[in-house]
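The values are calculated or read from the model by the stated rules, or taken from the named source; none is laboratory data. Treat the numbers as computed from the prediction; the structure is a model and nothing was measured. Methodologically, a virtual Cβ is constructed for each residue, glycine included, from the backbone with ideal geometry; neighbour enumeration extends over all protein chains shown. The protein model used for the area step is the full one, side chains on, heavy atoms only, and it has no ligands, DNA or RNA in it. Shrake-Rupley method; radii C 1.70, N 1.55, O 1.52, S 1.80 Å.
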Amino acid sequence: MGTIDNITRRRDTVSTPPPPAPEQKKKSTSPAPKDSPSAASNHPDVRAHQGQSRFEPASGPTAAAPATNAAGARKEVQGAKARLDKARETTQAKNERLSKLLANFGPALNDKQKAQFIQKFQQAPENKEAYAEEAKAAQALAESLEKNQATLGQAAIKDPQARKELYESLESLANSPASARAADVVEKLFKDPAVGRAFNEFKDFNKEVLQPAANGLAARLLVENNGDPKSAMSAYVEKLKQLDKTFADFGKPLFDAKDGAAQASMALKAMEQAANGNYDFFEELGKDFANQSAGQKLLTAGLIAFSAHTGAAKANQGEYVEAVKEFAGAGKGTLEFVAGATQSLVDLGRNAENGLALRHGGKALSAADFALRFAPGLGAVASAASLAVNTQKAKETGNPGYAVALFGDAIGVLGGALGSFPGGQVPGAVASGIGAGISAVGELLGNVIEEKGLDNERRSLLDQIGIKGKLQDALMDAGGDRIDLLTGKLGLTPDQLQNLMRKYPELTNGSIGLDPEPIPAVEKLAKSGGLNGDQLHQLLDGVITEASSRYGDKADRALEPFFRTLRNNPAQNREGLKQFFDSAANDKNTDAELKVLWQQASRILSGFPAQR
């Protein structure tokens, strides 16, 4: 059978040798010579050739690990798994809560405010302890599985319940911050083909264990290769070759025999393209995803993670995000792959935050190193995942709760990294990753999220970061869909939007469609006038400030009819918009308090450069 590296493999097809005849037994009264076959049969490689497990003890007094040892190992691992499962449940709830806290008004906060809000949430003692516990519990399960893997593997061959327990423990580890170590355990376990064959009953092994473990492995290799994605990809390919050979020894190769070498070569070439800012290969990978072998899917996952690093490091982040977004929407399972790559980089950050090594005996990545070298890649892939969710909508996302928690985790890790950037100069990929994550949560859960206790906690966190008074009230009452439109589609910066919200909170109050409704008028104003975000802010601020200075607390009485009339604006260009303003200002039926607003709008518009 061919392999990824064109090495011929042997299936385990040998038969068990017949027992010796009775008279032969009688003659065997003295020890066998040192080099005789009976003596050599105690060697694991010889036993493997004879069809026995490589790690199964030879027959005799040591035929198997004592039952008490196996029972003790199983109990220890089950305890570590229970600890991790409990910790994960707690942190998932925390991540979901952070997502919900930010979903309504998050895009209206500037980068510094977002970072402060996230950090205040994470620094609450109960939250800080929870995040640390999950990362530590994952490492504890990894240590227990690595220590006991030989004993657990032999128990799994013979006992269906032990096999089920081991599978579930591997699944928990593979979907934890220590996911890369699950790949280490699987490789050691399956060196014994008998263990691999025993696991054939788990039809979703590749999806539930191997894929998330490989995602973690890719992230670890990126760190171990000093953030060089091409070197990391080469190391990843070599690691997959080893796994492929291990899996083929029990009849389940990861790669198609005829295409394995070509697939590996393609992945390396694609990584070269990504390093040069070309991500066209994702289109082909998305089209053919359903037909990819298990090994090729693992290579694709590596490309997503490693390319994120190149996409964030260069000026072509937008090209990467768009390419991966399209891949995520290409077919069944592709969005989950992008989410998996996102999670692996999130876990990299969680381990760095807690000073935990990515392999047994390894050196931990510092939080500052993660922030400066790897957080931008996380921001890029999180942005792609968010756009994919926004495109596909919540109903097409297989597990919205998981997605909300994932984006909450990404938001938290990226927010925690912001303090490490010198001079407060936050890379665009990191800032956009936070914003995109907040946007995705809004899409998944709806734009006005009300839940017991959320409002009180929101107000408390806003107080802690210095947002109080009228702005706080406006943020608390804001509709996420309005804020998304104003900051996303119409291009207002968070600081510009906050300025308008202080003066005229009705601009963002509630969901779109509630009266008074200025949003359609503002959208039409921007379109007909060809206004960019800065120009739109200048015009709105001028009109709102004029109304506030003249009419004080009653300004809304003039602004509401102003925006209502503006909805009927028929202009198709800036010149037409100017004519509309002047016509309204000179109309004898226009109330005096409105005339000054139309005049102010006309003056401001006249000051803009000619529309191109």
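For region 110-124, check the following and say yes or no: at least one residue is in contact with a Pro (Cβ under 6 Å, 6 or more places away or on another chain) and surrounded by fewer than 23 Cβ atoms within 10 Å (Cβ to Cβ).
Checked region 110-124: at least one residue is in contact with a Pro (Cβ under 6 Å, 6 or more places away or on another chain) and surrounded by fewer than 23 Cβ atoms within 10 Å (Cβ to Cβ).
Annotation for region 294-304: no member residue is part of a loop (DSSP other than H, G, I, E, B) and in contact (Cβ under 8 Å) with a residue 60 or more places away in the chain.
Being open to solvent by less than 20 Å² (accessible area, probe 1.4 Å) and under 17 Å from the mean Cα position of the chain (by Cα) is the filter here, so list the residues in region 294-309 that pass it. Can you show your working first?
Let us first name the residues in region 294-309 that are open to solvent by less than 20 Å² (accessible area, probe 1.4 Å), namely 295, 298-308.
Within region 294-309, L298, T300, A301, G302, L303, I304, A305, F306, S307, A308 meet the criteria.
With the condition kept exactly as written, say whether any residue in region 545-558 is within 44 Å of the chain's Cα centre (by Cα), within 22 Å of I519 (Cβ to Cβ) and of a type in the set (S, T, Y). Scanning region 545-558 turns up at least one residue that is within 44 Å of the chain's Cα centre (by Cα), within 22 Å of I519 (Cβ to Cβ) and of a type in the set (S, T, Y).
Taking region 573-602 only, how many residues are part of a loop (DSSP other than H, G, I, E, B) and surrounded by 15 or more Cβ atoms within 10 Å (Cβ to Cβ)?
First pass over region 573-602, keeping only residues part of a loop (DSSP other than H, G, I, E, B): 573, 587-591.
Then drop every residue that is not surrounded by 15 or more Cβ atoms within 10 Å (Cβ to Cβ), which leaves 590.
Count: 1.
The residues of region 268-293 that are within 23 Å of V209 (Cα to Cα), open to solvent by 50 Å² or more (accessible area, probe 1.4 Å) and not in a helix (DSSP H, G or I) amount to a single one, D288.
Would you point out which residue out of S344, S265 is modelled with pLDDT of 90 or more, of a type in the set (S, T, N, Q) and assigned to a helix (DSSP H, G or I)? Break it down stepwise before answering.
Values: S265 fails: modelled with pLDDT of 90 or more.
After ruling out the rest, the residue left standing is S344.
If we keep just the residues of region 188-228 that are under 22 Å from L152 (Cα atoms) and of a type in the set (V, I, T), which is farthest from the chain's Cα centre (by Cα)? Restricting to residues being under 22 Å from L152 (Cα atoms) and of a type in the set (V, I, T), the top hit is V195.
Of all the numbered requirements in (1) closer than 25 Å to K468 by Cα; (2) open to solvent by 30 Å² or more (accessible area, probe 1.4 Å); (3) part of a helix (DSSP H, G or I), Q498 misses one, and that requirement is (2). Pairing residues of region 557-583 that are in contact (Cβ under 8 Å) with a residue 12 or more places away in the chain and farther than 10 Å from K524 by Cβ with residues that are aromatic (F, W, Y) and buried (at least 19 other Cβ atoms within 10 Å of the Cβ), at Cβ distances under 7 Å and at least 6 apart in sequence or on separate chains, gives L559/Y504; F581/W598.
S420 meets all of the listed conditions (1) surrounded by 21 or more Cβ atoms within 10 Å (Cβ to Cβ); (2) under 19 Å from G379 (Cα atoms) but one, namely (1).
One line per residue, one yes/no per condition, for (1) part of a helix (DSSP H, G or I); (2) at pLDDT 95 or above; (3) of a type outside the set (A, V, I, L, M, F, W, C); (4) closer than 30 Å to V381 by Cβ:
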| residue | (1), (2), (3), (4) |
| --- | --- |
| L444 | yes, no, no, yes |
| R482 | yes, no, yes, yes |
| K524 | yes, no, yes, no |
| L539 | yes, yes, no, no |
| T545 | yes, yes, yes, no |
| R550 | yes, no, yes, no |
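Return only the number of the condition from (1) at pLDDT 90 or above; (2) crowded, with 18+ Cβ neighbours inside 10 Å that D369 does not satisfy. Answer for D369: the failing condition is (2). When restricted to residues that are within 24 Å of D534 (Cβ to Cβ) and among the charged types (D, E, K, R), region 565-604 contains 6.
Taken over region 305-341, residues that are touching a helix residue (DSSP H, G or I) at 6+ places or on another chain (Cβ under 8 Å) and either among the hydroxyl-bearing types (S, T, Y) or not in a helix (DSSP H, G or I) (or both) amount to 9.
Contact annotation: residue pairs with Cβ atoms under 8 Å, 6 or more positions apart or on different chains, pairing a residue in region 219-246 that is more than 19 Å from A274 (Cα to Cα) with a partner that is among the hydroxyl-bearing types (S, T, Y), are K241/T3; D244/T3; K245/T3.
The numbered conditions (1) closer than 16 Å to G106 by Cα; (2) at pLDDT below 90; (3) open to solvent by less than 10 Å² (accessible area, probe 1.4 Å) are all true for S439 except (3).
For region 84-107, state whether one or more residues are among the small types (G, A, S), open to solvent by 50 Å² or more (accessible area, probe 1.4 Å) and assigned to a helix (DSSP H, G or I). Quick ask: steps written out before the conclusion?
Within region 84-107, the first condition is being among the small types (G, A, S), and the residues that meet it are 87, 93, 99, 103, 106.
If we keep only those that are open to solvent by 50 Å² or more (accessible area, probe 1.4 Å) too, we end up with 93.
Adding the requirement that they be assigned to a helix (DSSP H, G or I) leaves 93.
Yes: region 84-107 contains one or more residues that are among the small types (G, A, S), open to solvent by 50 Å² or more (accessible area, probe 1.4 Å) and assigned to a helix (DSSP H, G or I).
Rundown of residues vs (1) under 19 Å from L536 (Cβ atoms); (2) charged (D, E, K, R), yes/no style:
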site	(1), (2)
L566	yes, no
R574	yes, yes
K578	yes, yes
F581	yes, no
K595	no, yes
W598	yes, no
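Determine, yes or no, whether K241 is over 30 Å from K203 (Cα atoms), modelled with pLDDT of 90 or more and over 23 Å from the mean Cα position of the chain (by Cα). In short, no.
Can you confirm whether region 171-187 contains a residue that is of a type outside the set (S, T, Y) and touching a Gly at 6+ places or on another chain (Cβ under 6 Å)? Yes, that holds for at least one residue. Within the option set G355, G362, being outside any helix (DSSP H, G or I), out of contact with any Leu (no Cβ under 6 Å at 6 or more places or on another chain) and on the phi > 0 side of the Ramachandran plot holds for one residue only, G355.
Only a single criterion out of (1) open to solvent by 20 Å² or more (accessible area, probe 1.4 Å); (2) modelled with pLDDT of 80 or more is not satisfied by V426, namely (2). Screening L492 on (1) open to solvent by less than 30 Å² (accessible area, probe 1.4 Å); (2) under 16 Å from L566 (Cβ atoms) shows it passes everything except condition (2).
Can you spot a residue in region 509-524 that is open to solvent by less than 70 Å² (accessible area, probe 1.4 Å), touching a residue at least 60 places away in the same chain (Cβ under 8 Å) and not hydrophobic (A, V, I, L, M, F, W, C)? Working first, answer last.
Residues of region 509-524 open to solvent by less than 70 Å² (accessible area, probe 1.4 Å): 510-511, 513, 516-523.
Filter once more, so that each one left must be touching a residue at least 60 places away in the same chain (Cβ under 8 Å): 510-511.
Checking which are not hydrophobic (A, V, I, L, M, F, W, C) leaves us with 510-511.
Within region 509-524, one or more residues are open to solvent by less than 70 Å² (accessible area, probe 1.4 Å), touching a residue at least 60 places away in the same chain (Cβ under 8 Å) and not hydrophobic (A, V, I, L, M, F, W, C).
Scanning region 159-176 for residues that are in contact (Cβ under 8 Å) with a residue 60 or more places away in the chain and farther than 20 Å from Q211 by Cβ, which turns out surrounded by the most Cβ atoms within 10 Å (Cβ to Cβ)? Going through the qualifying residues, I end up with A162.
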